[in-house]
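Okay, structure first, notes after.
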């Protein structure tokens, strides 16, 4: 075991590891000022709790490296079944928080199965697609892949958790492209899906069509198009997010000196809108540094996928990268007003133990693909 650990440490992608550590440190710094009033109000040291979760995350990260993740290919059906069981248990035993029944209380801890389910889906879907790689050019081959993801996706939408559902879709499309699926057909499906959503929303308001979404989710889409429809209500978050990011200018107002943050004009500023706090306090330069670190992380992930030893491992790496990329684009996009608000956290930066732990496990799997790209003989 000692020799194996030495071999693992020798083969680590230290560029990826350092970028993860740097992003976490930025998250701690921004979280401190974002929760300066909340820590007093809730009598909670948010930064300390986040550091503890990060510590557990690193333990999980290195634990994942012990065994080649390609062995999970043989358990893909069990992983898919566990996926369904976890999502079903949420509907039966879950606790509703902010309109979504997505949490299962376990003593003092709230467990969000949807975070773990993303990883299980990547591991199981990679096997499903690797067995069909190169044959996904017809609708007859594509439709089963959508049905494979459609079952857990439907359970997620029943919570309802639209944000996690969109992550599933992003993972599916990213892995389909790499597995050799027809790109025109994928683009056609994306265009058709967007057209269906727009027409469905329009029909809901004009003709009363039923939609499997809560009113607050529909309003998020409405105010995304025009936040001035309800500037002091549903449009408040988007308007304040833009003001907060824009007020930082080039260099920012300084750590802990952002008036929007200090006065808590922006709700959920330590979770959904933590990028706004970064923009206000550290300006364009600070935001650029964080985006550069994310770029390095994604670049290393794509490189790892390209050097993977087999199709399954490559698809697993692409699934992780697709998940991270979508989280970044969606979270930062909603912070600057170019994406609707869905409650998706910024990876490694937003406060939240479930999200942080799941992301560290996913990145550990990505590192695993890199370490075992060649025969691992001791």
Residues that are assigned to a loop (DSSP other than H, G, I, E, B), farther than 25 Å from residue 304 by Cα and either over 15 Å from the mean Cα position of the chain (by Cα) or at pLDDT 85 or above (or both), drawn from the range 160-190: 160
Selection count, the range 337-353, where residues are farther than 19 Å from residue 26 by Cα and in contact (Cβ under 8 Å) with a residue 12 or more places away in the chain: 6
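The values are calculated or read from the model by the stated rules, or taken from the named source; none is laboratory data. Because the structure is a prediction, the values reported are computed rather than measured. A quick note on method: Cβ atoms are made from the backbone with ideal geometry, for glycine too, and the neighbour counts reach across all protein chains shown.
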